[in-house]
Amino acid sequence: MRSARFRELWNLLAVAVLTGVGFLSVYTARQQEITSTSLIYAAFFLALYFVAHLGLRAGLPDADPWLLPLSALLTAMGLTEIYRLNPLLARDQSIWIVVGLGGFLALILLVGDQRKLESYKYTLGVAAVAMLVITMLVGTTINGAKLWLRVGGIQVQPGEFAKLLLVIFLAGYLREKRELLTMAHRRILGVGLPAARHLGPLLAMTGVALGVVAVMNDMGTALLLYGIFLAMVYVATGRQLYTVAGLALFVGGSFLVYRLTPHVQERFQVWLDPWKTPHTNGYQIIQSIESIADGGIFGSGLGRSFQVFSNGSSVIPAAQTDGIYAVWANETGLAGAAGMLLIYLLFAYRGFKIASVADDSFSKLLAAGLTFTVVLQAFLIVGGITRLIPLTGITLPFVSYGGSSVVSNFMLLALLLMVSSRTARVRR
Amino acid sequence: MNPRIGTLFKLCAGACLVLISFTAYWQIWAASGLAARQDNARLVYRQLQIKRGLILAANGHTVLATNTERTKDGLNIFLRRYPLGPLFGHPIGYNTVGSGRSGLELSQNDYLTASNADLSTVLGRIGDKLQGETVTGNDVVTSLSVPAQQAAMQGLKGHSGAVVAIEPSTGRVLAMASTPGYNPNTVARNFAKLNKPSSGAPLLNRGTQGLYAPGSTFKVVTATAALQSGKFTPNTLINGHGTCITVQTVPLCNAGGESAGVVSLSDALTFSYNTVFAQVGQAVGQQRLYATMRDYGFFRDPPLDYPSDEMEPSGLYSHGHLLSQRAPIDVGRVAIGQERLGVTPIQMAEVVATVANHGVRMRPSLVDRVVTPGGGNIYTTHPEQLVRVMSPQTANELRDMMRRVVEEGTGQAANVGNLSVAGKTGTAETGVSGLNTAWFIAFAPADNPKIAIAVTIERTPEFGGTIAAPIAAKVITAYLGQGVAK
């Protein structure tokens, strides 16, 4: 099945053409402000994906041929808009892609098989919690949320990596305990409950992770981690009890957090009526939906909408991270926005496909968990920026600007490809 | 586990659909509402890139509003400039980025920004956009006369008040002046200061928004109702013995403590006898008087091509609200322009223009035509008859009565050379002793009216005949002197 790699190469070439057109479009629209040398970002970006492709040829020759091009397309969309907002940020993002590629290749060439990770599940789980706790203690607060860790001059967002570690932990733990968790140890009010010692570590770990994140004011990551937890428990056990209890806990917990933290109340109020405080709390969401609305069906064209004030700051606060979807929807319209969402859906389709054909439970749970992570994260931020749900600051996977996000998503992709490659190899 | 993975995928597909729908909601359904919001930065940005159309005086070449072009960040932006400064501040209004817009800049915004749905404009705009060229708005040619406006602003200097002049045969507004004025070039910078209560409300267009007791000028309305009722002719004699009469238990007196004796209706108007007109009003009755007022345009905004937020209906006001037309009134005091009457200068200008136009009320208008930058015609205002308020005979009788006011009565200060002016003075009490609202309404030449005018001066110790009439005279000469008169 060597043809998988050729298919991937052709797909990447298609992405290359699209990326080139996108960058040229931005360049022609804004050539007064940006120099032609910045166009090399596009070439550089494509070279990196070609390196990733070669890495796959060497390490995972049977891996899925769609996921890399799909993620490349998403990254290209993001990079084009970041370039459009500020070419300097695009340069940084390119550097992050290099680092992410390093992580990607390291995972593929050094680990190679996802099942090796299973034996480290507790270590990785504890590492996830430790990362969050350290951030809580010595983290840097930016925009009211304490989710940054300063390591040797660069800022790392541990939440982005904790999600990966949590998925690996849950996949390993649930594979081991899923039968025990499905079995009724004793019955209370006619509902079968598993033994507390099996359920305990699960609840404890998740509770700690969520508690820490809630203290850090990072509601986006909290929702993401909890959602991953619920989905993976559901896939592993199939017991409605867990889903129902999980959702009930979510509602109760949300209410509690809402009552206790003014920050969350504020976010909720802004969601209900941003126009009550149009110049302060509501400003970001108002600018976002006005930007989206401005796009219409076919958009204003790449580089042709109003995104940057004359002093260089973006119209939408945090446009390159939280607001990137709004910028994309403005410039490419409903057509482009729906296109981007459908790429996520295709990504989900390939990811869940990999999960369903994988031949061991750990790999299944891992692939399903990782795929769901990408989709849920995309839903949280796109839903937030379109005012479907309260806005929580979280990155749009592969698209948003941000080092931690880029690197962690590259690693996520490597893990998914590992699962797919192994399945194909075993099948053959 | 596979069925559950399938369920998870379906959940994701559902979420994707919901997100697409929500994006579509903003981009299709909510888009136009959001785009028009003043807090929308894109709106401001786009407005600055549009080269708004010119606003011109009636002569077609005096520029009242134009643009200064600047280059910023590689973009051409256009800032609004008003070459004549405060002179046309009120009728033209202002167009700012942060403080909104007013006047014709607001009511004609679609034409000025070429967003009117006219086919040639739409095609031109798409062409401009495709070529990356600046969208250029259409030019608005107003009916405003430069000499008339200059004379009006000059006459109002040092007073708070307003002048509105109308061409009787067409309804075209020739002058619309209001003081204290403001400079539209600096309105954005001084917006907070201009809105301070101590500033004397310079942004208020007193011509269309100022509500004043009309005093004796309202006797023209009362006389219209009286003559139309058939109960009165100009020569009907009325007993005006005594300086005061009791109307609804409160004494009502003539100005200066005069006694009228037995006088004709014409004499009563000439010398403005309150005691006589109160009786006329009572004889006419509330119903007939209100019907005449409605015909003249009272109780609703003037049908002017001007922002409705910047116009007020005239009528009887109670606690800042227009009184119901069924509410009981002191018709005797309404007849002499007191009671709770609040009337705008433009309303009184319409009254006197209607008399001048042989009893037919014309739709007032500020815009003569709209043309494309290339000179193509987009829109032309055609004079429109709204309603016949009185018979031509009544109009002639009123004209002769008003002629006498200027020749031998209270309005002699409005006599200008060999020109025949017909008019009526008014001096309304303000409730503060020693301070009046002074009025003069007039049209000229009396036989072939070219201009009808209403002048109001706020809080003055003087009288309509002494302070308002000379201003009217100046505006009339300035306007007719420019060769409009034969």
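Rule-based calculations on the coordinates, nothing more; no lab input. Note that the structure is predicted; figures quoted are calculated from it, not measured. Ideal geometry is used to build each Cβ from the backbone, glycine not excepted, and the neighbour counts take in all protein chains shown.
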Using amide H atoms built 1.01 Å from N in the peptide plane, name the residues 5+ places from residue B:240, or on other chains, whose amide H lies under 5 Å from its own.
B:261, B:262, B:263
For peptide A:235-241, how many partner chain Cβ atoms fall within 10 Å of a residue's Cβ, on average?
2
What FRET efficiency comes out for the pair residue B:432/residue B:233, r = Cβ-Cβ distance, R0 = 30 Å, nearest 0.05?
0.20
Estimated FRET transfer efficiency (residue B:154, residue B:308; beta-carbon r; R0 30 Å; 0.05):
0.50
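At 222 nm, what helix-only mean residue ellipticity would chain A give, in deg cm²/dmol to the nearest 500, using -39500 (n - 2.57) for each DSSP H run of four or more?
Mean residue ellipticity, 222 nm, calculated: -24000 deg cm²/dmol.
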Would you grab the residues whose amide H sits under 5 Å from the one on residue B:161? Only those 5+ places off in sequence or on another chain, please, with H modelled 1.01 Å from N.
B:179, B:458
Note the angle between two axes, namely the Cα long axis of helix B:219-229 and the longest principal axis of the Cα atoms of chain B, as a number of degrees from 0 to 90, rounded to the nearest 10.
80 degrees
Per residue of region B:285-302, what does 6.51 cos²θ - 1.76 cosθ + 1.60 with θ = phi - 60° give for ³J(HN,Hα)? Whole Hz please, x for Gly and Pro, Karplus curve as stated.
x, 4, 4, 5, 5, 5, 4, 5, 4, 4, 4, 6, x, 5, 6, 8, 4, x
Per the rule of 0.36 nm per residue minus the C-alpha distance, extending residue B:243 to residue B:110 adds in nm 42.2 nm
Calculate the mean, over all residues of peptide A:225-233, of how many other protein chain Cβ atoms lie within 10 angstrom of the residue's Cβ.
1
Per-residue HN-Hα couplings for region A:48-60 [Karplus 6.51, -1.76, 1.60; θ = phi - 60°; Hz; x = Gly/Pro]:
4, 5, 5, 4, 4, 4, 4, x, 5, 4, 6, x, 10
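Taking a cut-off of 15 Å, what percent of all Cα-Cα pairs in region B:401-486 are separated by more than that?
That tail contains 52 percent of the Cα-Cα pairs.
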Which value in deg cm²/dmol, rounded to the nearest 500, describes the helix-derived mean residue ellipticity at 222 nm for chain B, given -39,500 (n - 2.57) per DSSP H run of n ≥ 4 and division by the residue count?
-9500 deg cm²/dmol
Highest first, please rank the peptides A:346-359, B:52-65 by the mean number of other Cβ atoms sitting within 10 Å of their residues.
A:346-359, B:52-65
Cysteines without a disulfide-compatible partner [the protein assembly as shown; Cβ-Cβ under 4.7 Å]
B:12, B:16
For A:340-353, what's the mean count of beta carbons from other chains sitting within 10 Å of each residue's beta carbon?
4
Label-zone membership for region A:372-412, site residue A:261, 7 angstrom Cα→C-beta point, backbone N under 12 Å
A:392-393
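Can you give me the Kirkwood hydrodynamic radius for the protein assembly as shown, using every pair of distinct Cα atoms, in Å to one decimal?
In the protein assembly as shown this quantity evaluates to 32.9 Å.
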Degrees, to the nearest 10: B:345-356 long Cα axis against longest axis of chain B
60 degrees
Rank by packing, highest mean first: peptides B:455-468, A:6-19, with packing defined as the count of other Cβ atoms within 10 Å averaged across residues.
B:455-468, A:6-19
Take the cross-link list B:193/B:450; B:157/B:196; B:51/B:196; B:424/B:450 and give me the ones stretching past 29 Å between alpha-carbons.
B:193/B:450; B:51/B:196
Based on the mean of other beta carbon atoms within 10 Å per residue, what is the order of A:39-45, A:70-76, A:276-282, most packed first?
A:70-76, A:39-45, A:276-282
For residue B:212, which sequence-distant residues (separation of 5 or more, or a different chain) have an amide H within less than 5 Å of its own amide H, given hydrogens modelled in the peptide plane?
B:343, B:344
Hey, fewest Cβ within 10 Å first, where do B:199, A:291 land in order?
B:199, A:291
Within chain A, how many Lys pairs that are eight or more residues apart, or on different chains, come under 30 Å at the alpha-carbon?
17
